[in-house]
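Please treat every number below as a calculation from the coordinates, not as lab data. Note that this is a predicted model, so its numbers are computed, not measured. Here the Cβ positions follow ideal geometry from the backbone for every residue, glycine too, while neighbour counts run over all protein chains shown.
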Amino acid sequence: GDWVWAYGRWADPPRPEYHWVHPYYENRNGLVVFVNGHWASPRSVFVPPAINININISEARPGVHPGPAPIGPSGVFVPPPPGSRHGIIVPAPIGTPPSVVTGAPPVIKRGMYIDRRSTVNNTTTVNNITNITNVTIIAPASATASGKAFNTSVSTQPHFAASQRPLVKADAPRPVSTTPIPAYVPGRPQSHLPPPQTVKPVFSPELHQKQYDNNLDQQRRNKDLQKRDNDQAIQKEKDLRQREDASRKNLDASRQREIEQKQKNQEQLKRGEAPLKDKDFAHQKELDAQRKILDAKKKEQDKKQREIEARKRKDTGQKELEEKQRKLEQKQKEQIERNNDVK
């Protein structure tokens, strides 16, 4: 399904010295192996599910629309930054909190990954030394929605990572009730969750313009591909017509030879020579049947050609309409910029 960003609350460990184990995401042959975050005892260590064990696939609940398969390499990952294309995953080391990507730019293609080879030592004025392990988020320009490369170090402490300012505002709606929902316990009935609410992300002007340009480029590429497919279909029709014309010419030539041969046979019959053979008439009937088949194919090809030409004219009209719409949007944008300059 979809990954969503929701409001949560900070909670103390249920027992002293318990530590929090971050959620575990793994892309295993196109399926997601997910282990929810949980509290663990002081001596326990999280061990990922083994490769050779059998894991049952969870069926989607009624009303849940499955999303796309993971877009990225196999292995451990975290969800992408807010506003990213659905399905993209961000490879990361085991134990990386998902909140580290809160302030990262949204991604539209695979390529962002997290490297855990960064440690920052902070020393205060009272000589209190704390080691805060950081991770480095790296993404090429081709992967981000802004079209700019990204490389920054982020703390793996969840409260520090979650305090980052997101580049895309995609806040979840505030809950109707402040009463915490009890955690799931095996053997007890599940809690009834409130119905989901649709939240549309708000992009910054830079990202919005970049996304508009990307969508426009994608539309142009789709039109070019459609035009290429139409051209290829037209070329195939032309080649088929040429082959049929060649077959028809051969058939006409063969039929002409048959007519000439028939005339010769008639002349020979008048002179008292050998009469026409039955096989000559049978061959003539076969030629007539082949000609009827070719004529039927020609009519069908003409019909397909007319449909292709009609579809091409329709696509041309749609393209002109979209071009007018784009010019109108550009004119409105320039008018807004002039109004802002006047202000």
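Key figures
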{"item": "Residues in the range 299-316 that a label on Glu244 would reach, taking backbone N under 15 Å of a point 7 Å out along Cα→Cβ", "result": "299-309"}
{"item": "DSSP-loop GluC sites (Glu not before Pro) across the range 6-65, with at most 14 other Cβ within 10 angstrom", "result": "Glu17, Glu59"}
{"item": "Most to least packed among 189-195, 249-255 [average Cβ atoms within 10 Å]", "result": "249-255, 189-195"}
{"item": "Spacing of the two label points (7 Å from each Cα toward its C-beta) at His159 and Ala40, in nm", "result": "2.1"}
{"item": "Modelled FRET efficiency - R0 45 Å, Arg306 with Gln332, Cβ distances, 0.05 increments", "result": "0.70"}
{"item": "Built amide H within the under 5 Å cut-off of Val78, gap 5+", "result": "Val90, Ala92"}
{"item": "Listed pairs Lys236/Lys298; Lys236/Lys297; Lys262/Lys299; Lys249/Lys292; Lys238/Lys324 exceeding 24 Å between Cα atoms", "result": "Lys262/Lys299; Lys238/Lys324"}
{"item": "Shape call, the range 17-86: gyration tensor on alpha carbons, a/c limit 1.5", "result": "prolate"}
{"item": "R0 of 25 Å, Cβ-Cβ distance Ile94-Ser191: FRET efficiency to nearest 0.05", "result": "0.25"}
{"item": "Label-point separation in nm, Lys324 to Asp295, each point 7 Å along Cα→Cβ", "result": "4.6"}
{"item": "Amide H contacts under 5 Å for Ala149, placed H, 5+ residues apart", "result": "Ala141"}
{"item": "Karplus 3J(HN,Hα) series, Hz, for the range 311-316 with 6.51 cos²θ - 1.76 cosθ + 1.60 (x for Gly, Pro)", "result": "5, 5, 5, 5, 4, 5"}
{"item": "Spacing of the two label points (7 Å from each Cα toward its C-beta) at Thr316 and Ile51, in nm", "result": "5.8"}
{"item": "Length added when fully stretched, Ser58-Lys270, from 0.36 nm per residue minus Cα-Cα", "result": "67.3 nm"}
{"item": "Exposure proxy order (Cβ contacts within 10 Å, fewest to most) of Val32, Val90", "result": "Val32, Val90"}
{"item": "Potential extension, Asp288-Ala233 segment - 0.36 nm per residue separation minus Cα distance", "result": "16.8 nm"}
